Amino acid sequence: MQIHQVTPDEWRLWRDIRLEALANDPAEFGSTLTREQEYTEDDWRERIVGGLNLVALDPDAVGLVGATSKPGDLYLYSMWVRSSHRGQGVGEALVRAVLAWAAQEGWERVRLRVWKDNLPARKLYLRLGFVDAKEPEHMEYLVS
Ligand SMILES: CC(C)(COP(=O)(O)OP(=O)(O)OC[C@H]1O[C@@H](n2cnc3c(N)ncnc32)[C@H](O)[C@@H]1OP(=O)(O)O)[C@@H](O)C(=O)NCCC(=O)NCCS
């Protein structure tokens, strides 16, 4: 399994795994399949140019995570692993890659939104050093 940083020219790779995530686990994300199916090539490219877009390859894409800047913080979003590949550390590898990139780029804090009842995701974030933030259903990680 390899973690790969998607370039704008690879926008189809990101689009396909992102739409697979929205189709399979619609309740876990703050967006919808219907909405993102309407995105144009330019919309997808814009999302990649503006941040960090990682996919886990085995050898096809089996997971993804994104990170983008939101006032003052790096925001981790779109964390998803195909169900056949869960429980094998793919999610951990993706989050660790975001945290390494955050440190390299000089970010002080990484934030994310996760529903209270999403225990597999919460467990993963807690294990990697995230703590609950003041804002409900948000977690944060202080980059050292
Ligand atoms: C959350 C998610 C990304 C974790 O991915 P993953 O590759 O299974 O992550 P890891 O293997 O690194 O660890 C996840 C934890 O959940 C457990 N787990 C989750 N799903 C599992 C499964 N189907 N089988 C076995 N264990 C599972 C793992 O054992 C591990 O527990 P641990 O911390 O006690 O070791 C994945 O479950 C997922 O895509 N969920 C749906 C989308 C989602 O909730 N995204 C997060 C939005 S904030």
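The values are calculated or read from the model by the stated rules, or taken from the named source; none is laboratory data. Since the model is a prediction, treat every value here as computed from it, not as a measurement. Because the Cβ atoms are built from the backbone with ideal geometry, glycine has one as well, and the counts that use them run over all protein chains shown.
A few remarks follow.
- Pairs where the first residue, in segment 17-36, is in a helix (DSSP H, G or I) and the second is within 10 Å of the ligand (Cβ to nearest atom) and of a type in the set (D, E), C-beta under 9 Å, 6+ apart: A21/E28
- Flag if K123 is basic (K, R) and near the ligand (Cβ under 9 Å from one of its atoms): yes
Conditions tested, residue by residue: (1) over 20 Å from R86 (Cβ atoms); (2) at pLDDT 95 or above.
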{"site": "E20", "(1), (2)": "no, yes"}
{"site": "N24", "(1), (2)": "no, yes"}
{"site": "W44", "(1), (2)": "yes, yes"}
{"site": "G50", "(1), (2)": "yes, no"}
{"site": "G63", "(1), (2)": "no, yes"}
{"site": "A67", "(1), (2)": "yes, yes"}
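- Matching option when the condition is surrounded by fewer than 20 Cβ atoms within 10 Å (Cβ to Cβ) and at positive phi, among G30, G72: G72
- When segment 52-82 is filtered for residues that are within 16 Å of the ligand (Cβ to nearest atom) and more than 20 Å from Y125 (Cα to Cα), the ones remaining, listed by number, are L57, D58, D60, A61.
- Residue within segment 38-45 that is of a type in the set (S, T, N, Q) and either under 20 Å from A121 (Cα atoms) or touching a strand residue (DSSP E or B) at 6+ places or on another chain (Cβ under 6 Å) (or both) present: no
- Any hit, segment 105-119, residues being over 22 Å from R15 (Cβ atoms), within 16 Å of the chain's Cα centre (by Cα), within 7 Å of the ligand (Cβ to nearest atom) and among the polar types (S, T, N, Q): yes
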